[in-house]
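The values are calculated or read from the model by the stated rules, or taken from the named source; none is laboratory data. Just so we're clear, the structure is a prediction, and the values are computed from it rather than from any experiment. Neighbour counts run over all protein chains shown; Cβ positions are idealised from the backbone, glycine included.
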Amino acid sequence: MRFLPSRSRAARMRLAAAALVLLLLASLLPQAAAAAAPAPSKPDRPVQVFDVRAGKVVQSFPNEDAYQQIARAWLDAAEGLSPNLSPDDDCGYVFRIPLRKPASVKVGSLRLTAEDVFLFYCPEREPELLVFDERKKPYLLTARPDLRPFFERIGFEP
């Protein structure tokens, strides 16, 4: 007496093929789950103070929300393209604030997206901002930002 109906060779082959496909799919599930999981977030790049005369970074700070607000205020204070072809590299400091999210920069007819804001500070001159567009083309901008909140936060005395 038979409890299972006999299957044709073609039916057994289809069943074996389906089982093989299920095994392959099951083996791919852990990889698919890993791919679907959000990537671990990169730590924020630090805010840096570069001493031009010393030729090196002299201070670094964790990139907190307050620095993001300061950088955006600097960009909002941009007035136009600088007449200088390059920043004055003989004096002062360069402050770098990496942005967590790219910022739109609109100055006159200039429109670009920046990922970092560099502020060139020379005590005897107006500060200048350096930003790079999506293609890494540099733009030197004139600006009149209020630097006191930033200087107070990093303990810098001009």
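Checking the structure you have, find out if any residue of the range 90-100 is buried (at least 19 other Cβ atoms within 10 Å of the Cβ), without any contact (Cβ under 8 Å) to a residue 40 or more places away in the chain and at negative phi.
Yes, because at least one residue in the range 90-100 is buried (at least 19 other Cβ atoms within 10 Å of the Cβ), without any contact (Cβ under 8 Å) to a residue 40 or more places away in the chain and at negative phi.
Taking the range 45-67 on its own, how many of its residues are among the aliphatic types (A, V, I, L, M) and outside any strand (DSSP E or B)?
Matching residues across the range 45-67 total 3.
Given (1) surrounded by 18 or more Cβ atoms within 10 Å (Cβ to Cβ); (2) of a type in the set (Gly, Ala, Ser); (3) without any contact (Cβ under 8 Å) to a residue 12 or more places away in the chain, where does Ser109 come up short, assuming only one miss?
Of the numbered conditions (1) surrounded by 18 or more Cβ atoms within 10 Å (Cβ to Cβ); (2) of a type in the set (Gly, Ala, Ser); (3) without any contact (Cβ under 8 Å) to a residue 12 or more places away in the chain, the odd one out for Ser109 is (1).
For residues that are in a loop (DSSP other than H, G, I, E, B) and touching a Leu at 6+ places or on another chain (Cβ under 6 Å), scanning just the range 104-150, find the one that is nearest to Asp76 (Cα to Cα).
Here the answer is Pro127.
Sort out which residues of the range 69-103 are outside any strand (DSSP E or B), within 14 Å of Thr142 (Cα to Cα) and not charged (D, E, K, R), and write them in order of number.
Scanning the range 69-103 gives Ala73, Trp74, Leu75, Ala77, Ser82, Pro83, Asn84, Leu85, Ser86, Pro87.
Mind listing just one residue for me: the one in the range 85-103 that is in contact with a strand residue (DSSP E or B) (Cβ under 6 Å, 6 or more places away or on another chain) and farther than 15 Å from Phe150 by Cβ and, of those, modelled with the lowest pLDDT?
That would be Pro87.
Can you name the condition, by its number, that Glu126 falls short on among (1) in contact with a strand residue (DSSP E or B) (Cβ under 6 Å, 6 or more places away or on another chain); (2) modelled with pLDDT under 95; (3) surrounded by fewer than 16 Cβ atoms within 10 Å (Cβ to Cβ)?
Of the numbered conditions (1) in contact with a strand residue (DSSP E or B) (Cβ under 6 Å, 6 or more places away or on another chain); (2) modelled with pLDDT under 95; (3) surrounded by fewer than 16 Cβ atoms within 10 Å (Cβ to Cβ), the odd one out for Glu126 is (1).
Considering only residues that are exposed (fewer than 10 other Cβ atoms within 10 Å of the Cβ) and more than 24 Å from the chain's Cα centre (by Cα), look in the range 29-67 and name the one that is modelled with the lowest pLDDT.
Result: Leu29.
Taking the range 56-84 as the region of interest, how many residues are out of contact with any strand residue (DSSP E or B) (no Cβ under 6 Å at 6 or more places or on another chain), within 16 Å of Phe120 (Cα to Cα) and of a type in the set (Gly, Ala, Ser)?
1
Starting from the range 60-77, take each residue that is on the phi < 0 side of the Ramachandran plot and list its partners that are among the acidic types (Asp, Glu), counting only C-beta distances under 6 angstrom and pairs at least six apart or across chains.
Going by the 6 Å Cβ cut-off, the qualifying pairs are Asn63/Asp44.
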